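Worksheet for the structure shown next.
The values are calculated or read from the model by the stated rules, or taken from the named source; none is laboratory data. None of the values given here were measured: they were computed from a predicted structure. All Cβ positions, glycine included, derive from the backbone under ideal geometry; neighbour counts span all protein chains shown. Side chains are part of the model used for accessible areas, which takes the heavy atoms of the whole protein and leaves out ligands, DNA and RNA. Shrake-Rupley method; radii C 1.70, N 1.55, O 1.52, S 1.80 Å.
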Amino acid sequence: QQPVQSPQAVILREGEDAVINCSSSKALYSVHWYRQKHGEAPVFLMILLKGGEQKGHDKISASFNEKKQQSSLYLTASQLSYSGTYFCGTENTAGGGADGLTFGKGTHLIIQP
Amino acid sequence: NAGVMQNPRHLVRRRGQEARLRCSPMKGHSHVYWYRQLPEEGLKFMVYLQKENIIDESGMPKERFSAEFPKEGPSILRIQQVVRGDSAAYFCASSPTVSDRAFFGQGTRLTVV
């Protein structure tokens, strides 16, 4: 089942903050966040496995709510290099599950100087 | 440790021809995913394979498309009798376990003329 991402697109000025949401109608086993720049491969950002978990590095962090149905990606004091399309990938079952990693449609983030 | 290797990077085929896309996962990775990405769209799951087994092919069109991941050698995504609508970027990702971070290859851009 494909997760739902919002918003579809965000335009920010350098230094502003952004939040990207990823939600599912069912409890998830894990959420993976990736960023893809135009014409390039998606690059892994982080994975969340536990309800209530928060993790991050530099000014990019993410949370996974207690019910494990929603994750949010937080970009603080955005930099020009943050521009790209952000995808959340979700797994419905634990290791060995047949679903694989299913991605949302992506959120386009444009950072302007 | 080389990353996920996909070849060719660009492939042009005439309508009705066959396209073969290759993906060599990272060393030690036994899980392979194939995704299709149309311009300005998200990553659409196609198939999930482990060595010699197809775990989930729910995203694969029923006809003309097939995938394999033999005991030796790369994973192959095969598209028979290609049509213009098959033109897209095809990404392969691999992971050591199903709930681990997935590493993406650079993709194969298929153009059907």
Radius of gyration, Dmax [the protein assembly as shown; alpha carbons; angstrom]: 17.5, 51
Highest-fluctuation residue, A:GLU40, A:GLU16, A:GLU91 considered, GNM on chain A with Cα pairs under 10 Å: A:GLU40
B/A buried area, accessible surface, summed, 1.4 Å probe, Å²: 1700 Å²
Complex-versus-alone comparison for region B:74-113, residues with a loss of 50 Å² or more in accessible area, probe 1.4 Å: B:VAL98, B:SER99, B:ARG101, B:PHE104
Shape call, chain B: gyration tensor on alpha carbons, a/c limit 1.5: prolate
GNM top mover of B:SER58, B:SER99, B:SER66 - chain B, alpha-carbon springs below 10 Å: B:SER99
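Decide, for chain A, between rounded, prolate and oblate: order the square roots of the alpha carbon gyration tensor eigenvalues as a ≥ b ≥ c, take rounded if a/c falls under 1.5, and otherwise choose prolate if a/b is larger than b/c, else oblate.
Values: a/c = 2.06, a/b = 1.65, b/c = 1.25.
Here chain A falls in the prolate category.
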At least 30 Å² of accessible area lost relative to the chain alone, listed for region A:13-60 with a 1.4 Å probe: A:TYR34, A:GLN36, A:GLY39, A:ALA41, A:PRO42, A:PHE44
Centroid-to-centroid separation of region B:1-35 and region A:41-76 [C-alpha atoms, Å]: 29 Å
Table column - 3J(HN,Hα) (Hz), region A:80-90, Karplus curve with 6.51, -1.76, 1.60, x for Gly and Pro: 4, 5, 7, 4, x, 10, 9, 10, 9, x, 10
Pair A:TYR29, B:GLU68: separation of 7 Å Cα→Cβ label points (nm): 2.8 nm
Violating pairs (Cα-Cα greater than 22 angstrom) within the set A:LYS50/B:LYS71; B:LYS27/B:LYS51; A:LYS68/B:LYS27; A:LYS26/B:LYS44; A:LYS68/B:LYS51: A:LYS50/B:LYS71; A:LYS68/B:LYS27; A:LYS68/B:LYS51
Among A:ALA62, A:ALA41, A:ALA77: highest mean-square fluctuation, GNM of chain A, C-alpha pairs under 10 Å: A:ALA41
Dipole axis of region A:6-108 (+1 Lys, Arg; -1 Asp, Glu on Cβ), positive-most option in A:THR76, A:TYR86, A:VAL31: A:VAL31
Accessible area expressed per residue, region A:5-113, with surrounding protein chains retained (probe 1.4 Å, Å²): 46 Å²
Protein accessible area in chain B, 1.4 Å probe - carbon and sulfur %: 46 percent
Label point distance in nm, B:GLU40-B:MET5, each placed 7 Å from Cα along Cα→Cβ: 3.6 nm
